[in-house]
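Contents: one structure, followed by commentary.
The values are calculated or read from the model by the stated rules, or taken from the named source; none is laboratory data. Quick caveat, the model's predicted, so the values are computed rather than measured. In this analysis, Cβ positions are derived from the backbone assuming ideal geometry, glycine residues included, and neighbour counts consider all displayed protein chains. These area figures cover heavy atoms from the full protein model, side chains too; ligands, DNA and RNA do not enter into them. Shrake-Rupley method; radii C 1.70, N 1.55, O 1.52, S 1.80 Å.
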Amino acid sequence: MKARVQDGCRRRRRRPMLGLLAVLLLASCGQEAGVGEEAGADAVITIMAPLHFPHAPDSSIIGEIERLTGTRLDIEWVPDGIYTDKMNTSLMTNSLKMATFVKYTDYAFVKNAARSGAFWEIGPYLDRFPNLRRLNRDILEQSSLDGKIYGLYTERLSSRQGIIIRQDWLERLGLKKPATIDELYETMRAFTYEDPDGNGLDDTIGAADRNDLIFGVFKTLGSYFGTPNGWAVRGKALVPEFEAPEYMDTMNFMRRLYEEGLINSDFAVTSKEVQRNLFIRGEAGMYIGSMLDAQRLADAAVRFNPEARFTLVNRIEGPEGFRIWSIPNFNGLYLFSKKAIKTEEALLEALRFFDRSMEGDVANLMKYGFEGRHYRVEGDTVHLPQESQELRNSEVSVIYTLMIADLSNPNIMKVGRQDELTALAERLSEDNEKFIVRDPTVGLKSDTFDEKGAELYKTISDATYNYILGHLDEEGFRREVERWKNGGGRDIIREYTQDYFGGEDAG
């Protein structure tokens, strides 16, 4: 392997390389040749970040970011589907990068490591930097731990969840956009059994799902049924979502979709990439998830079927009206490892890179790519031509993961004209703000959850899948909930309740 990597380093001098192989070879060549040391002023910043696409970003954009920021970037791009496992393994083996992205949904599981000194507390250093000092104090507080700031946040709207749906299938079957849970079911059934693609074959399903109860189909459907977002306040106690009757309603609905073949039968073991491909290739008529993925999915779909057309739905009325789950206004944090960053000076170098990345030249490059190739400037706004959409998807969109606090960054140019689906997705995401459901435990402390939360979550997630697949009945699911309680869940309920009510015991 080492010989092949070295051979790749020699070839790199003769011709450019693209994609993930290029990034890996650039990183390894830099390590062997001592890149950074030879450059003198250039700092080497190692980063681990999730990869939401089949390929790494365009190497020329990474090179320009390095030039502008005076750094050498050694980025380990990890496929999103295995990112949590990889991040946890790196944490346990003490092999984190200088800056490691931690998803919001995984943040609770690294809190004890932060408390034990695995990460730098960066709060005291932020005021030294012109852009970091302007970070949103509310979001910093949302993401803080015991009143201390450990991470730089990636900013997101509270909820981008909704339904991406085949508009051409709706029209072919004479259907309207679904507006209620019943209509959603009927549309899924029609997409499965009424030949929506008109090819005379039984080769379509209503919706594609994946092995993710949060960002897959399940949690968004749960919102429609009125399921609490993680936890609910009931009287003088906090109650986990899976004890709510609406959670059972959602499982029963999912079981019906599974039994009637309206979703992919292997959803419990399906990756995000496979889920996306089912939708892109016209095997499924709905993708329930982030609406901002719509244009990328549509662009990929037309390569298989030029007649494919998509639209979006964000309002599905349930028993309690319109509801959608939300996250805090960050979807992840870059944490800074004390193992990888041994001195305060090295920490300042890493923070300096992220601060510099918020300046207009770098931030606009990261968000839009190269002017003339990926976008045009019209007056004081950005125009994103449809003809360069595929280039932006393949070369630029991956880099979005590296951007911190981009939504409120005044240095980023505004978009004047953009594709129809993205504009619609942004409007509907803003509309979601009118009926979002917040998790009441955000910012609360539970030592037991920090210690055992990941293990206990697996108990509930396994039970949820097994119920949907018909391997458990309601009594069996309740037994698994009791197992969760006996394994530490009762302590989590007590600790969250006491913290929420200011130290009072559950009533």
Exercise for review: Pop out the carbon and sulfur fraction of the accessible area of segment 142-300 as a percent, whole number, probe 1.4 Å.
Suggested key: 46
Exercise for review: Could you list which residues have their amide H under 5 Å from that of residue 145, counting only those 5 or more apart in sequence or on another chain, with H placed in the peptide plane?
Suggested key: 150
Point to revise | Relative packing of 355-368, 450-463, which averages over residues the other C-beta atoms within 10 Å, highest first | key: 355-368, 450-463
Point to revise | Karplus-derived 3J(HN,Hα), 6.51/-1.76/1.60, for each residue of segment 411-419, Hz, glycine and proline x | key: 7, 8, 5, 7, 8, x, 10, 8, 5
Exercise for review: Tabulate in residue order the Karplus-calculated ³J(HN,Hα) for segment 156-166, using 6.51 cos²θ - 1.76 cosθ + 1.60 with θ = phi - 60°, rounded to whole Hz; enter x for Gly and Pro.
Suggested key: 9, 5, 4, 8, 10, 6, x, 10, 9, 9, 6
Point to revise | Straight-distance crosslink candidates among lysines, where the alpha carbon sits under 21 Å from residue 434 and sequence neighbours closer than 8 are dropped | key: 177, 219
Exercise for review: Return the label of the correct value of mean projected area of the Cα convex hull in nm², as calculated from the structure shown, out of (1) 27.9; (2) 34.0; (3) 25.2.
Suggested key: (3)
Practice item. Could you tell me whether segment 51-133 comes out rounded, prolate or oblate from its Cα gyration tensor? Rule is a ≥ b ≥ c as square roots of the eigenvalues, rounded for a/c under 1.5, then prolate if a/b exceeds b/c, otherwise oblate. Key: oblate
Check your understanding: Once phi is turned into θ = phi - 60°, what whole-Hz ³J(HN,Hα) does the Karplus curve with 6.51, -1.76 and 1.60 give for every residue of segment 123-132, x standing for Gly and Pro?
Key -> x, x, 9, 4, 5, 7, 10, x, 9, 5
Review point. Considering amide H positions built from the backbone, and no H for Pro or chain starts, which residues 5 or more places from residue 238, or on another chain, come under 5 Å of its amide H?
Key: 497
Review point. Taking only DSSP H segments of four or more residues, each worth -39500 (n - 2.57), what value at 222 nm results for the chain once the sum is divided by all its residues, to the nearest 500 deg cm²/dmol?
Key: -12000 deg cm²/dmol
Point to revise | Long-range amide H partners of residue 210 with built H, under 5 Å | key: 217
Practice item. Any chance you could get the radius of gyration and Dmax over the Cα atoms of segment 248-338, in Å? Key: 16.5, 53
Revision key, fill the gap. Where a ≥ b ≥ c are root eigenvalues of the Cα gyration tensor, a/c under 1.5 meaning rounded, otherwise prolate if a/b exceeds b/c and oblate otherwise, segment 236-279 counts as oblate
Point to revise | DSSP beta bridge pairing in the chain, given as percent antiparallel to the nearest 5 | key: 60
